[in-house]
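All remarks here apply to the structure that follows.
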Amino acid sequence: MTDLTDQVAIVTGASRGIGKAIALLLALQGAKVVAVARSEGELEELTQKTRGLCIVADISDETDARYIVSETLSHYGRLDILVCNAGVGSFNELEHFEAAEWDRIFDTNVKGTFLLCKAAVPHFKAQKRGHIVGITSDVAKRTFPHGTAYGASKFAQDAVLASLRKEVRPHGVKVSTIYPGLVDTYFNDTTPGSPEAEKTHLRPSDVAQAVRYVLETPAHVVVDELMLHPLTQEW
Ligand code: NJP
């Protein structure tokens with residue numbers, strides 16, 4: 001089993017929802033967490049609990065993505081784990097979907113994942129070790145009405161991670177993709193915590209436990225893909 005104590009982990013989208021739960025759980029396991037998002041106040045609040053580092057950054061910006069990795073390396077002198085979790089989505093019939101909204105979704109979900117991996121991979125390859133975990137979605141494996149932009153972005157993010165897995169595996173670097181179903185978060189401007197959602201949605205901590213599981217596998221094991229749903233969700 002891989003011990004997470006003192007491992008340095010970048011977690012994007014850590015200001016709330018799934019990313020926050022991942023950051024808290026990894027910190028509880030003894031990891032040094034670098035929490036990334038655009039909302040400074042929420043990140044600082046989180047960092048008081050994780051006692052790690054927070055970086056206010058936009059993952060869709062290449063300069064920011066490079067800075068996230070370089071600042072982590074200069075602060076901690078190492079990088080072991082990259083969790084590409086930050087993502088956005090909105091839903092509408094195709095003909096009513098704005099092109100600018102399409103760009104926002106792709107810039108965050110696809111380009112953001114690409115840019116962070118691009119910045120971290122040379123370091124992981126050089127040390128012949130490292131673990132990238134991507135939080136995609138079960139909609140990376142199915143289609144649904146009103147999901148043209150979000151669904152396509154998750155298919156694309158999944159393809160980035162799957163291709164990268166084949167590139168870096170010979171260098172000792174792991175890529176694990178996690179496909180959650182419905183999760184009770186602030187995603188798409190929803191408000192978590194309703195009694196109904198308790199029955200119909202996963203909790204962010206459920207996804208965090210899946211991340212912990214893939215990260216703690218022994219050095220010779222990689223979980224390529226892991227899908228989880230609330231028991232009530234048909235997909
Ligand atoms: O969403 P939410 P989730 N640069 O809105 C950050 C996937 N997923 O936790 O920048 C940097 O509570 C944002 O922070 P801020 C989903 O596609 C979800 O549910 O301060 N950070 C916040 O911390 C996504 O990939 C469900 O606004 C950026 C975080 O991202 C992941 O799970 C189902 C950013 C979003 O928190 C986490 O989503 C599923 C940027 N440009 C997959 N843009 C679900 N909830 O049902 C956003 O299958 N963030």
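Every number in this text was worked out from the coordinates using simple rules, so none of it is lab data. Here the structure is a predicted model, which is why all the values come from computation and not from measurement. We place every Cβ from the backbone using ideal geometry, glycine too, and count neighbours over all the protein chains shown.
Computed values, structure above
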{"item": "Cleavage-rule hits, GluC sites (Glu not before Pro), the range 63-120, DSSP coil, Cβ neighbours within 10 Å at most 10", "result": "Glu93"}
{"item": "Cross-link table Lys49/Lys154; Lys32/Lys118; Lys32/Lys128; Lys128/Lys154; Lys20/Lys174, entries beyond 25 Å C-alpha to C-alpha", "result": "Lys49/Lys154; Lys128/Lys154"}
{"item": "Value of relative contact order over the chain, rounded to a whole percent, pairs C-alpha under 8 Å and six or more apart", "result": "21"}
{"item": "Electrostatic dipole magnitude of the chain [Cβ: Lys, Arg +1; Asp, Glu -1; Cα centre; debye, to 20]", "result": "1060"}
{"item": "Förster radius 30 Å - calculated FRET efficiency between Leu28 and Ala219, Cβ distance, rounded to 0.05", "result": "0.85"}
{"item": "Exposure rule at most 11 other beta-carbon atoms within 10 Å, DSSP loop trypsin sites (Lys or Arg not before Pro): the chain longest free segment", "result": "129-235"}
{"item": "Gap separating the Cα centres of the range 158-235 and the range 51-92, nearest whole Å", "result": "18"}
{"item": "Pair Glu98, Arg129: separation of 7 Å Cα→Cβ label points (nm)", "result": "4.7"}
